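Report on the following structure.
The values are calculated or read from the model by the stated rules, or taken from the named source; none is laboratory data. Quantities reported herein were computed from a predicted structural model and do not represent experimental measurements. Cβ coordinates were reconstructed from backbone atoms using ideal geometry, including for glycine residues, and neighbour counts include every protein chain displayed.
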Amino acid sequence: NAHEIGKGNFGTVYRALYKGTRDVALKTLKSVRHNLKSSMEDYDDNMYELLYEAHIMTQLQHPNLLRIIGVTFFGKDKQLSLVTDFMKNGSLLDYLRKHREIFLKSKSKDITLKLNSFSKQIFQAMLYLEKRRIIHRDLAARNCLIGDEDTLKVGDFGLTKLTEGGLYKGNNQTICAIRWSSPEAIFYSKYTSRSDVWSYGITLWEIYSLGERPYGSLDNKTVKNLLKTPLENFTRFLPQSREFGSDEVYTHLMLPCLTYNVALRPRFKDLVQRILTIFNNNIR
């Protein structure tokens, strides 16, 4: 009874029924014969990545992180698949864009509270990862999922790294999403929890702009050139605080997250008090 709900980087995502009682999501790995352009080597790499993602997820237990249920072989082609919680409202990015017009017509206070809730839930997930020296490396609104009653879970752990000293050093081929990545990640392939903090700042930009694309119509090459120099160029492209919906979040949360100098950028644990003050309730 599975049906397709989306496409991933190397396969399809389905909604299915688990043991006849609950909805789950199946993230499948495209079989070799279904992808003639793909070599066996590519398939092996993708299989390793899917199993590595499953391995990471088994070590994570937090209400705001997507939960793994298991790994299985799916369909007549026995596609290797990751089984996770099903989040019925899809990605945060799609959710924001879908409801954009409704939100703009609604009372701003109610909408701000909803957006604050999303921001706080992401923060809680990232604080949990930081405490365990885990770097997500791909935080963005597209990788956060919305379920019942505005419950949010951070997902997509395909690029996540477990570290011993809190630093992951990639190479020139290391994949990164330019618009969400910190300068040190883009230019030096250096990742720490502070790199995730930068991505959190960009995700806040997405949330409070109701799903606008960071840096607007600029192409990736232009964004990369923009980030070669410190803030005097970069800040011209940030949303204005009056357009942001929450001056507190803009000034005391988003801007500190986008501190160009990584040594001066806060960690998630440094932001706890600000989060408590701005969102006025406890952290899980």
Could you tell me whether Lys27 is in a strand (DSSP E or B) and either under 19 Å from Val154 (Cα atoms) or at pLDDT below 75 (or both)? yes
Tell me yes or no: at least one residue of the stretch 166-183 is touching a Leu at 6+ places or on another chain (Cβ under 9 Å), of a type in the set (A, V, I, L, M) and either part of a helix (DSSP H, G or I) or at pLDDT 90 or above (or both). yes
Over the stretch 107-120, the set of residues surrounded by fewer than 21 Cβ atoms within 10 Å (Cβ to Cβ) and either at positive phi or among the polar types (S, T, N, Q) (or both) is Ser108, Thr112, Ser117
Restricting attention to the stretch 97-106, does a residue exist that is surrounded by 21 or more Cβ atoms within 10 Å (Cβ to Cβ) and within 18 Å of the chain's Cα centre (by Cα)? no
Could you list, in sequence order, the residues of the stretch 60-87 that are more than 30 Å from Arg133 (Cα to Cα) and assigned to a loop (DSSP other than H, G, I, E, B)? Gly75, Lys76, Asp77, Lys78
Which one of Thr229, Thr192, Thr203, Thr163 is modelled with pLDDT under 90 and either closer than 28 Å to Asp85 by Cβ or surrounded by 15 or more Cβ atoms within 10 Å (Cβ to Cβ) (or both)? Thr163
Single residue of the stretch 178-189 satisfying the filter (surrounded by fewer than 24 Cβ atoms within 10 Å (Cβ to Cβ) and of a type in the set (A, V, I, L, M)) that is farthest from Pro239 (Cα to Cα): Ile186
